[in-house]
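One structure is given below, encoded as structure tokens.
Values quoted throughout were computed directly from the atomic coordinates according to the rules given, and no laboratory measurement underlies them. All values derive from a computational prediction rather than experimental measurement.
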Amino acid sequence: MKNEQITIVATGAVIGLVAAMLVFFGNPANMGLCIACFLRDTAGGLGLHAAKAVQYIRPEISGLVLGALGAAYLHGEFSPKGGSSPLTRFVLGFFAMIGCLMFLGCPFRMLLRIAGGDLNAVVGLVGFAAGIYAGIFFLNRGYSLKRTYKMTAAEGSIMSVIAVVLLVLLVAAPAFIHFTKAGGGPGAKHAAVAVSLIAA
């Protein structure tokens, strides 16, 4: 347990440093690293919503996906699996994202906001803990999305292909890709693509 605790603390410290570095190199000061917000911005960059203040394909998302793929292959742990109840999983994910965006951040950003002295994020921490306990309550009473199934390597690589396509679209910047204008909102603040990829 001691080694596991050290790993958890060290991982948290690295995430904090990465977030601070991303802010230093251009990301919004209150959003150095936030998965939910980065997905929102990316959706805006692809034209999937019309909020002009948050439109930018965040390369950190691609970096996380490709980095995870590389780590899985490096350690011989690439074993893609898919689950049953896809509609239930989609709906649960949908509401999780709504909750994150209502709160203005994912768990990463929640902790970063608390670390920066934003006590509003403590409300999010309380809700986060309540959600975890609710999940434990239902799991202990037999709730399950049922078994997972092994998938082919091709199926498991689809998300990585999408990540590469997003990077290409960001760099090539074709006319149908949206970018927040300078000074127009958080979408206009971002680190250089190379820095974002290295950080992720």
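Plugging the Kirkwood radius over Cα pairs into Stokes-Einstein for region 2-199, at a temperature of 10 °C and a viscosity of 1.306 mPa s, what D comes out in µm²/s? List each step's numbers first, then the result.
Details: Rh = 18.6 Å.
Estimated diffusion coefficient is 85 µm²/s.
With the chain treated as a Gaussian network of Cα nodes joined by springs under 10 Å, which of 153, 51, 43 yields the largest mean-square fluctuation?
Most flexible of the set in this elastic network: 153.
Pull out a ≥ b ≥ c, the square roots of the eigenvalues of the alpha-carbon gyration tensor of region 144-193, then state rounded if a/c is under 1.5, prolate if not and a/b is larger than b/c, and oblate in the remaining case. Walk me through the numbers before you get to the answer.
On the way: a/c = 3.73, a/b = 2.16, b/c = 1.72.
In terms of gyration-tensor shape, prolate.
Taking a cut-off of 19 Å, what percent of all Cα-Cα pairs in region 1-50 are separated by more than that?
Numbers: 556 of 1225 pairs.
Every Cα pair in region 1-50 considered, those over 19 Å come to 45 percent.
List nothing, just return the count: lysine pairs in the chain, 8 or more apart or interchain, with Cα separation under 29 Å.
On the way: 52/181; 52/189; 81/146; 81/150; 181/189.
The result is 5.
Wrap a convex hull around the Cα atoms of region 41-112, take a quarter of its surface area, and give that in square nanometres.
Values: hull surface 26.7 nm².
In nm², the orientation-averaged hull projection of region 41-112 is 6.7.
Using a Gaussian network for the chain with springs between C-alpha atoms less than 10 Å apart, which of these wobbles most: 31, 21, 102?
So, out of 31, 21, 102, the one fluctuating most is 102.
Hey, what number do you get for the chain at 222 nm if only DSSP H runs of n ≥ 4 count, each worth -39500 (n - 2.57), divided across all residues, to the nearest 500? Intermediate results must be reported in sequence, preceding the final value.
On the way: 9 runs with 124 residues, N = 200.
When only DSSP H runs of four or more count, the value is -20000 deg cm²/dmol.
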